[in-house]
Amino acid sequence: MTKWAVIYSSVTGNTRQIAEAIAQKADDADIFRVQDAPQDLSAYDVVAIGYWLRLGQPDPLTLKYLAGVENAKVVFFQTHGTAPTSEHAITSFARAGYHLGAGCEILGTFGCRGKINPAMLEKRKKAGPDDPHGGPQSKERWRLAATHPDAQDIAAAQDLVERMEHKLVLKARFAAKQAAKLAALQQQRKQE
């Protein structure tokens, strides 16, 4: 059985919804807000860390927490007001990985749209014509974001759990085969 730590930061509730979906799907999971999460994660097989985006990277609380995460198998999940396939969304995973502590392995990632903080929307409505976050395209992104996370996003987040657990099984099988080959080779060398 795989033991999960699901750690999240949420302002509008989007990332919390995804965190709860992941924790529900995992057979054995503890869920924490990032400000309450333990630093010692050695009891967990998988550490899922979720956040909202600020300036193209995880929010400040999560950034601070990531530096202390060490020697863990990590899954990132994020919510944002843009398309999950956008450059903004994709590069933010790299920025999250950059902030991780030593010895971590990133198993996978998940991102989905999420409702934008109403205070941020009010600020953006006043954006000038040169602001990349203003104008008709942005208003369409805001409209789409307001409908997420939806049932498909929740199902996809739960599918992430299955995919990551399957990946762990495959990695363990591969490691066992490699260890057996190495042991056989060492045995053969002893006999020569």
Which of Phe174, Phe32, Phe93 fluctuates most in a GNM of the chain (C-alpha springs under 10 Å)? That residue is Phe174
Rounded to the nearest 5, the percent of DSSP beta bridges in the chain running antiparallel is 5 percent
Which FRET efficiency value, to the nearest 0.05, is calculated for His166 and Gln39 with the Förster distance at 25 angstrom and r the Cβ-Cβ distance? 0.30
Once Rh is set to the Kirkwood radius over Cα pairs, what Stokes-Einstein translational diffusion coefficient, in µm²/s, holds for segment 87-192 at a temperature of 37 °C and a viscosity of 0.692 mPa s? 178 µm²/s
Heavy-atom accessible area of His99, protein chains in place, probe 1.4 angstrom, given in Å² to nearest 10, is 60 Å²
Using the Cα centre of segment 1-90 as origin and beta-carbon charges of +1 (Lys, Arg) and -1 (Asp, Glu), tell me which of His88, Tyr44, Ile18 is placed farthest towards the positive end of the dipole. His88
The chain, Gaussian network, Cα under 10 Å: of Ala26, Ala180, Ala145, the residue fluctuating most is Ala180
With charges set only on the Cβ (+1 for Lys and Arg, -1 for Asp and Glu), what does the dipole of the chain come to about its Cα centre, in debye to the nearest 20? 360 debye
Extreme residue, positive dipole direction of segment 153-192, given options His166, Ala179, Ala155 (C-beta unit charges): Ala179
Using Cα springs under 10 Å in a Gaussian network model of the chain, which residue among Ser86, Ser42, Ser138 shows the largest mean-square fluctuation? Ser86
Leu121 versus Thr2, label points 7 Å from Cα toward the beta carbon: distance in nm? 3.5 nm
Between segment 1-32 and segment 140-191, the Cα center-to-center distance that results, in Å: 17 Å
Dividing the alpha-carbon radius of gyration of the chain by 2.2 N^0.38 Å, where N counts its residues, gives 1.22
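The values are calculated or read from the model by the stated rules, or taken from the named source; none is laboratory data. Treat the numbers as computed from the prediction; the structure is a model and nothing was measured. Here the Cβ is made from the backbone with ideal geometry for all residues, glycine too, and neighbour counts use every protein chain on show. Ligands, DNA and RNA are stripped out before the accessible areas are found, and what is left, the full protein with its side chains, is counted by its heavy atoms. Shrake-Rupley method; radii C 1.70, N 1.55, O 1.52, S 1.80 Å.
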